[in-house]
Amino acid sequence: MVISIIKGRDMKDQYGRNIDYIRVSVTDRCNLRCQYCMPAEGIEMASHDSILRYDEIIRICKILAELGVKKIKITGGEPLVRKDIIELIADIKKITGIEQVTITTNAINLKKQMKHLVEVGIDGINISLDTLNRSLFKEITRRDELPRVLEGIEEALKYDQVPIKINCVPLGRKEQNIEDIAAFAKDHPIHVRFIEMMPIGMGKDYHFLSEEEILKQLSKTYGTFTPYEGTLGNGPSHYYQVEDFQGKIGFISAMSHKFCHNCNRVRLTSGGFLKTCLQFETGSDLKQLLRGGASDEEIKEAIINTIHNKPKGHEFLSGKIERENNLSMYQIGG
Ligand code: SAM
Ligand code: SF4
């Protein structure tokens, strides 16, 4: 019986992986239009009705916590454009069993919202920033918003108690100057992670720059990168220490160093679909269950079955496209 996979408050899939982390996308709207994530225009924004409501998100998070989920990452689209975001985080923080609530943001609204995020006890903030070159930033994101992003980061750095990480997707453009992004870890006690582009949505039009290529490039400026043996965070990143750096340099190398065997996560899209792998369409429509009047026990059973059937791993490099999802990152939440 599938229910037997829950021991104590652990939720395991068919491969024995313990799923204790969920990324919850609270909107598919965004105030940027990153070329590799969202189309420039013509996006059919989901109607308000097709996005999970506040009470629905809270209900699913409570059920997930009862099943063993302990960490929640709030994502989007851009989560800070959702009007009730602060109250939502405050209420998720109150759920018994949830130990950590973090957020990933493009930082445009961070100057205004940082204080409120701290007040409700946010446990960490990941900021996505691909370049400090204003004209390239404008080209990549299709918006001239770098100054506001930098103000947001400056504000976030005032709060020592909140761990900040910067996430950057290298695009192989010289003028991106990823050395400048790495410098955040030199100048501040924060970690900078480089994420390999995945062929999802618009990301399919790009070639990923591998960890080895990035390391080679960064070493020319910063010298030796020594692998860090300790663990930091709960995710798939691994880290390097660099002399004179206050923070570490991390990599999320889904393409060159596949980490699916250690995957501890599932995703809830803004439309209420519980998605078990970034690449495949496998999962279940929890919104339909909720709105169809399902009981908590019925929803729990659906979640347990869905997680049990989580695919073994992605097949990005094998060219296998069977049952591949047709969602873009702004819909999935990264
Ligand atoms: N708007 C927020 C932000 O930018 O942090 C949250 C959502 S965004 C989809 C989350 C992360 O996904 C960002 O760091 C973005 O760079 C990354 N991302 C988007 N498309 C990607 C792709 N094809 N491959 C790898 N990362 C991607
Ligand atoms: Fe928006 Fe984040 Fe996607 Fe950029 S990466 S378009 S900021 S959702």
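Assorted remarks:
- Under the simplified labelling scheme, the His207-Lys138 pair shows an inter-label distance of 2.9 nm, with each label point 7 Å from Cα along Cα→Cβ.
- Here's the list of lysines a cross-link from Lys158 could span, going by alpha-carbon distance under 29 Å and ignoring same-chain residues fewer than 8 apart: Lys70, Lys71, Lys73, Lys83, Lys93, Lys94, Lys111, Lys112, Lys115, Lys138, Lys186, Lys248.
- Neighbourhood charge, 14 Å Cβ-Cβ cut-off, centred on Arg59 and excluding it, Lys, Arg +1 and Asp, Glu -1: -1
- For the range 260-334, the relative contact order comes to 37 percent (Cα pairs under 8 Å, sequence separation of at least 6).
- For the chain, modelled as a GNM whose springs connect Cα atoms under 10 angstrom apart, the maximal fluctuation among Leu129, Leu290, Leu80 occurs at Leu290.
- ³J(HN,Hα), Karplus 6.51/-1.76/1.60, whole Hz, each residue of the range 30-42, x for Gly, Pro: 8, 8, 10, 9, 3, 4, 8, 10, 9, x, 4, 8, x
- Taking Ser47, Ser237, Ser284 as the candidate residues, the one with maximal mean-square fluctuation in a Gaussian network model of the chain, Cα springs under 10 Å, is Ser47.
- From the alpha carbon centroid of the range 191-237 to that of the range 31-63 is 27 Å.
- Across the range 124-136, rounded Karplus estimates of 3J(HN,Hα) from the backbone phi angles (6.51 cos²θ - 1.76 cosθ + 1.60, θ = phi - 60°) give x, 10, 9, 10, 8, 8, 9, 7, 9, 7, 4, 6, 6 Hz, Gly and Pro being marked x.
- Taking a ≥ b ≥ c as the square roots of the eigenvalues of the Cα gyration tensor, the range 110-248 is classed as oblate, since a/c reaches at least 1.5 and a/b does not exceed b/c.
- Net charge, His261 excluded, C-beta distance under 11 Å - Lys, Arg +1, Asp, Glu -1: +3
- Isolated Cys in the chain, by beta carbon distance under 4.7 Å: Cys30, Cys61, Cys168, Cys260, Cys263, Cys277
- Nearest-ten-degree value, helix 146-156 long axis tilted from longest Cα axis of the chain: 70 degrees
- For the pair the range 130-169 and the range 267-332, the centres of their Cα atoms are 31 angstrom apart.
- P(r) histogram, all alpha-carbon pairs of the chain included - 20 Å bins from 0, percent: 31, 61, 8
- Angle of helix 178-187 to the longest C-alpha principal axis of the chain, folded into 0 to 90 degrees and rounded to 10: 90°.
- Based on protein heavy atoms only, the chain ends up with 45 Å² per residue of surface accessible to a 1.4 Å probe.
- Residues whose amide H comes within less than 5 Å of that of Gln100, counting only those at least five positions distant or on another chain, are Ile72 (H built at 1.01 Å from N in the peptide plane).
- With helices as the sole contributors, the chain gives -8500 deg cm²/dmol at 222 nm; each DSSP H run of n ≥ 4 counts as -39500 (n - 2.57), and the sum is divided by every residue.
- The fraction of accessible area contributed by carbon and sulfur in the range 1-157 is 49 percent, rounded to a whole number (1.4 Å probe; ligands and nucleic acids excluded).
- The range 62-179, relative contact order [Cα under 8 Å, separation at least 6], %: 26 percent
- Angle in degrees between helix 54-67 and the longest Cα principal axis of the chain, rounded to the nearest 10: 80 degrees
- Here the chain carries DSSP beta bridges of which approximately 35% are antiparallel, counting only pairs with both residues inside.
- Normalised by the number of residues in the chain, the mean separation of alpha-carbon contacts (under 8 Å, six or more apart) gives a relative contact order of 21 percent.
- Computed from label points 7 Å out along Cα-Cβ, the spacing between Tyr54 and Ala183 is 4.3 nm.
- Long-range amide H partners of His257 with built H, under 5 Å: none
- Averaged over residues, the count of other Cβ atoms within 10 Å places the peptides 167-178, 245-256, 150-161 in the sequence 245-256, 167-178, 150-161, highest first.
- Under 5 Å, built H, 5+ apart or other chain: amide partners of Ile166: Ile127, His191, Val192, Arg193
- Each residue of the range 323-329 is assigned a 3J(HN,Hα), and the resulting list reads 6, 6, 7, 10, 8, 9, 4 Hz, derived from the Karplus form 6.51 cos²θ - 1.76 cosθ + 1.60 (θ = phi - 60°), x at Gly and Pro.
- Using alpha carbons only, the radius of gyration of the range 286-334 set against its Kirkwood radius gives Rg/Rh = 1.08.
The values are calculated or read from the model by the stated rules, or taken from the named source; none is laboratory data. All of these numbers come straight from a predicted model, not from anything done at the bench. Neighbour counts run over all protein chains shown; Cβ positions are idealised from the backbone, glycine included. Areas reflect the complete protein model, heavy atoms only, side chains present, ligands, DNA and RNA absent. Shrake-Rupley method; radii C 1.70, N 1.55, O 1.52, S 1.80 Å.
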